[in-house]
Amino acid sequence: MDFSIRAANLDDCKDIARMIMELAEYEKVSDHVKVTQKDLEQDGFSKNPFFHGIIAEVPEQHKTKEGHTKIGYALYFHAYSSWSGRAIYMEDLYVMPEFRGKGVGKALISKVAQLGLAAGSHQLNFTVLDWNKPSVDFYLSQGCFDITATMGYHCMRCEGEALKHLAQL
Amino acid sequence: MEYKLRKAEPRDVPDILRLVKELAKYEEMEHQVTLTEKELLEDGFGDTPFYHCIITEIQGQNSSEDPKVVGFAMYYFTYDPWVGKQLYLEEFYVMDEYRGLGIGSGILRHLSNLAMKTRCTGMMFVVAENNEPSVQFYKRRGAEDLSQEEGWRLFRFDKDSLVKMAAPSEE
């Protein structure tokens, strides 16, 4: 299946807001979502953005029955480790259910890794809910390791060789 | 004891690294610190800072002595797509011999104020579960434990607790 990965822009905020809600529903906490499309526009696309976005898009002929061509996203921002310096934190990674298993997730996380390395990051961190087995399995298969093995939230990190490898996918 | 809380400046970098290493030693992770003074300088005081730092210094016994840096906090802004901007407290430390003087509370109060001014909906940080003094310090101030298991935890101050912490000290 053909798809493209690109940096998000202001016009993507409507679809990002939609997919944030879909991800929250998947994580069973959609009532926690307060951020609106307008917040995303202001917070992500003004002079000093608080996050950056990547969008996965499919051509018109593969659009969903509701007409969506933007079918996945990742949100990340620059973070800092007091022990090792520059880091990337991947806040969200999501692919719509009917587009999974086709390499979109890998492509999104790879893009985040590339951009992170280009910005001088030493590590990529993120969290996963421990019952989310498909996601945990996916991340472990990409060479990440689990920093807090016994918790509800896991901090995952890709660093060094695993990160470089991820950026080359 | 007089202490002064101020924004860190490039000249503070050696002290920041010193305190980072002291805290890592306290957590028995000193060997994990690979950050250098050069990186701290470039990353905190260049065109696009990756972190911000505030420090607490204490005036020496004699006025001719340089003030001593005895505490610091390192923070940056993050984003929760559900509730928006957060202030992320990456590192927060007061030297052993200067604890119990309100320095830590002063730092947290300053940061809560900053979080509110910059329209953050929370302040987040991670604490090792076995660090009882720190866990109690934060819980006393209304922090919520977001990941109630053993090991590392995500803590968040919600709006009400931030407002309380941002209020002027009773002393």
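Sequence-distant or interchain residues sharing an amide H contact under 5 Å with B:GLY122, placed H: which?
B:LEU87
Go ahead and run the numbers for FRET between B:GLU28 and A:THR64, Cβ-Cβ distance against an R0 of 45 Å, rounding to 0.05.
0.30
Can you list the residues, at least 5 places off or on another chain, whose amide H is less than 5 Å from the amide H of A:GLN123, using H built in the peptide plane?
Residues meeting the amide H criterion: A:ILE88.
Rank-order B:113-120, B:71-78 by packing density, defined as the average count of other C-beta atoms within 10 Å over each peptide's residues, highest first.
The packing order, highest mean first, is B:71-78, B:113-120.
Could you state how much accessible area is buried at the A-B interface, both sides summed, with a 1.4 Å probe, in Å² to the nearest 100?
Numbers: alone 9490 and 10500 Å², together 17020 Å².
Using a 1.4 Å probe, the pair buries roughly 3000 Å².
Kindly report the accessible area of region A:8-132 per residue (heavy atoms of protein chains, probe 1.4 Å, no ligands, DNA or RNA), in Å². The partial results should precede the final answer.
Working: 5470 Å² over 125 residues.
Result: 44 Å² per residue.
Report the calculated FRET efficiency for A:SER141 and B:GLU97 (r = Cβ-Cβ distance, R0 = 41 Å), to the nearest 0.05.
After rounding to 0.05, the efficiency reads 0.25.
With r defined as the distance between the Cβ atoms of B:THR36 and B:ARG11 and R0 fixed at 25 Å, what FRET efficiency is calculated, to the nearest 0.05?
That gives a FRET efficiency of 0.95.
Check each of the chymotrypsin sites (Phe, Trp or Tyr not before Pro) in region A:100-140 and keep only those in coil by DSSP with at most 13 other C-beta atoms within 10 angstrom; list them in order.
In loop regions of region A:100-140 (DSSP not H, G, I, E or B), the sparsely surrounded chymotrypsin sites (Phe, Trp or Tyr not before Pro) are A:TRP131.
According to a simple spin-label model (label point 7 Å from Cα along Cα-to-Cβ), what is the distance in nm between B:GLN136 and A:LYS47?
4.7 nm
Give a residue-ordered list of calculated ³J(HN,Hα) values for region B:34-50 (Karplus: 6.51 cos²θ - 1.76 cosθ + 1.60, θ = phi - 60°; whole Hz; x for Gly, Pro).
For region B:34-50, the Karplus-derived couplings read 10, 4, 10, 4, 4, 5, 4, 5, 5, 7, x, 10, x, 5, 10, x, 8 Hz, x marking Gly and Pro.
May I ask you to list the residues of region B:62-79 whose amide nitrogen lies under 18 Å from a point 7 Å from Cα along the Cα→beta-carbon direction of B:LYS117?
Correct set: B:73-78.
Counting only residues 5 or more places away or on other chains, whose amide H sits under 5 Å from the amide H of B:PHE92 once H atoms are built in the peptide plane?
B:MET74
Over the Cα atoms of region A:1-124, Rg to Rh with Kirkwood Rh, two decimal places?
Across region A:1-124, the Cα-based Rg/Rh ratio is 0.97.
If you place +1 on the Cβ of every Lys and Arg and -1 on the Cβ of every Asp and Glu, how big does the dipole about the Cα centre of region A:4-126 come out, in debye to the nearest 20?
So the dipole magnitude of region A:4-126 works out to roughly 340 debye.
Using a probe of 1.4 angstrom, how much of the accessible area of region A:4-126 is carbon and sulfur, in percent?
Summing carbon and sulfur atoms, their accessible area is 51 percent of the total for region A:4-126.
Please list, or write none, the lysines whose alpha carbon is within less than 25 Å of the alpha carbon of A:LYS28, excluding same-chain residues fewer than 8 places away.
Correct list for A:LYS28: A:LYS14, A:LYS38, A:LYS65, A:LYS70, A:LYS102, A:LYS106, A:LYS133, B:LYS85, B:LYS159.
Please turn the phi angles of region A:58-70 into ³J(HN,Hα) values with the Karplus equation 6.51 cos²θ - 1.76 cosθ + 1.60 (θ = phi - 60°), one per residue in order, whole Hz, x for glycine and proline.
Karplus values, whole Hz, x for Gly and Pro: 10, x, 3, 5, 9, 4, 6, 5, 7, x, 8, 10, 8.
The values are calculated or read from the model by the stated rules, or taken from the named source; none is laboratory data. Quick caveat: nothing in here was measured; it's all calculated off a predicted structure. A quick note on method: Cβ atoms are made from the backbone with ideal geometry, for glycine too, and the neighbour counts reach across all protein chains shown. SASA here: full protein model, heavy atoms, side chains in, ligands and nucleic acids out. Shrake-Rupley method; radii C 1.70, N 1.55, O 1.52, S 1.80 Å.
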